[in-house]
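Rule-based calculations on the coordinates, nothing more; no lab input. Quick caveat: nothing in here was measured; it's all calculated off a predicted structure. Neighbour counts are summed over all protein chains in view; Cβ atoms, including those assigned to glycine, are modelled from backbone coordinates with ideal geometry.
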Amino acid sequence: MSDTITLPAPADFHVHVRQGAMCELVTPHVAAGGVRTAYVMPNLVPPLTKTEAVLEYKKELERIAPNVEWLMTLYLHPEVTPDEIRKAAKAGVSGVKSYPRGVTTNSSSGIEDYGVYYPVFEAMEEEGMVLNLHGEVPSDDEKNISVLNAEKHFLEHLRKLAADFPNLRIVLEHATTAEAVECVASLGPNVACSITAHHLWLTIDTVAPQPHHFCKPLAKEPRDRKALQGAVRSGNPKFFMGSDSAPHPSASKMPSISEAGELHSCAAGCYTSPYLIPLVATLLESFGALDKLQGFVSDNGRAFYKIPAKAGEEVVIRRPAVAVKVPSKLEGHGNEVVPFWAGRELGWEIVN
Ligand code: DOR
Ligand code: ZN
């Protein structure tokens, strides 16, 4: 493989760019990390459940980073009606993200039952909007469901939705298990799957002692990571990059105690945007899949979403002459975020 790679307009099909001061800090990092098109998550406070709110947010992102194509989503919620879907589609909103209630950051407004949303999914199918699924069911002691098996239990919902809506494009987001990879590969062409950079590297052993590695879904066993790496190495176009880059203030990742003397829970999320494409190239090379880099970061996701790469938006990466390390923190606008892989060396850097 040569020491320089030219990638047609890399696209990140799952990114969190937050709001307020954090948004000011992290939004420019998307382009800096080599991404030209970004598919934006709607789990703001309050969640984006109306077309107007989505369009306002898009304007804000375009103001901060006009060099990125921002693809927008609605948050699945009772306010998202079939009429709202038609309105959103007309306004250029690309998809709808579903969070099961309570499973991750800002998901307290998430859904409990897919059945009630069938008319919404029908409208989405007609309008050509994409359904993005956070594929975990809520924990349930009686059923022995926990963060360890929440994704496996979700797959029955995925299979049912895929069968009931064969013309609705559905993405299982941030897959973490061998079973999810197998399930997506077995389903029809309307079902695809995003894979994060961090899940290609982490396993539960490296998450357990390190809050900066805590994200949802949790990274699982070595066999699961092997399956994710295998999905990328296979070149199957159903699998593409969605970073789930999810910045949190560094203090919210650290153990801290509330005024009432209770321990706070650690925020879930790994932050990879600022050096995403070099990181993904480094990881793919580590497991013998560098030849699939273009498919994974550019072609596969764009084909599924029908968002062709624009000429002139190529990103060139090369092996650095001098070692490049991930910074230990990123600061600005009154915020500090610790990135994933802080202090580790990257095998690639962006040229342009
Ligand atoms: O780790 C995660 N962080 N997983 C999610 O699903 C949400 C995200 C966030 O918004 O922080
Ligand atoms: Zn996410």
Practice item. Can you give me the three principal axis dimensions of segment 39-130 from its C-alpha atoms, in Å, biggest first? Key: 39, 30, 17
Review point. Any idea what the relative contact order of the chain is, in percent, if you count C-alpha pairs under 8 Å spaced at least 6 apart?
Key: 20
**Study point:** Residues of segment 333-351 with amide N under 20 Å of a point placed 7 Å along Cα→Cβ from His264
**Key:** 333-340
Check your understanding: Relative to the Cα centre, what is the charge dipole magnitude of segment 4-350, using +1 at the beta carbon of each Lys and Arg, -1 at the beta carbon of each Asp and Glu, and rounding to the nearest 20 debye?
Key -> 920
**Study point:** Under-5 Å amide H pairs with Val316, H placed in peptide plane, nonlocal only
**Key:** Leu7, Val351, Asn352
Check your understanding: At what distance in angstrom do the alpha carbon centres of segment 167-202 and segment 225-246 lie from each other?
Key -> 8
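To the nearest 500 deg cm²/dmol, what mean residue ellipticity at 222 nm is calculated for the chain from DSSP H runs of n ≥ 4 alone, each contributing -39,500 (n - 2.57), summed and divided by the residues?
Only helices count here, giving -9000 deg cm²/dmol.
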Check your understanding: Could you list, bin by bin from short to long, the percent of Cα-Cα pairs of segment 4-350 in 20 Å steps?
Key -> 32, 62, 6
Point to revise | Cross-link reach list, lysines versus Lys143, counting only Cα pairs under 24 Å and skipping chain neighbours closer than eight places | key: Lys152, Lys160, Lys216, Lys220
Practice item. Excluding residues fewer than 8 places away in the same chain, name every one of the lysines whose C-alpha is closer than 18 Å to that of Lys90. Key: Lys50, Lys58, Lys59, Lys306
Practice item. Using packing as a proxy for protection, rank 250-262, 65-77 so that the peptide with the highest average count of other Cβ atoms within 10 Å comes first. Key: 65-77, 250-262
Point to revise | Charge context of Gly92, other residues only, Cβ under 15 angstrom, K/R +1, D/E -1 | key: +1
**Study point:** Antiparallel content of DSSP bridges confined to segment 4-350, in %, to 5
**Key:** 30
Exercise for review: Normalising by the residue count of segment 221-352, find the relative contact order in percent from Cα pairs under 8 Å and 6+ residues apart.
Suggested key: 28
Review point. Any idea what Rg and Dmax come out to for segment 45-188 if you just take the C-alpha atoms, in Å?
Key: 15.6, 49
Check your understanding: Near Ala21, within a Cβ-to-Cβ distance under 12 Å, what is the net charge of the other residues, with Lys and Arg +1 and Asp and Glu -1?
Key -> -2
Check your understanding: Karplus couplings for segment 195-205 from phi (6.51 cos²θ - 1.76 cosθ + 1.60, θ = phi - 60°), rounded to Hz, Gly and Pro as x?
Key -> 10, 8, 5, 5, 6, 7, 10, 6, 10, 4, 5
Review point. Counting DSSP beta bridges in segment 130-243, what percent are antiparallel, to the nearest 5?
Key: 10
**Study point:** Reachable aspartates and glutamates from Lys253, criterion Cα separation under 19 angstrom, eight or more residues apart if same chain
**Key:** Asp205, Asp244, Glu262, Glu331, Glu336
Exercise for review: Averaging sequence separations of C-alpha pairs under 8 Å and six or more residues apart, then dividing by the length of segment 189-250, give the relative contact order as a whole percent.
Suggested key: 48
Point to revise | Gained length - Thr206 relative to Glu52, 0.36 nm times residue gap less alpha-carbon distance | key: 51.3 nm
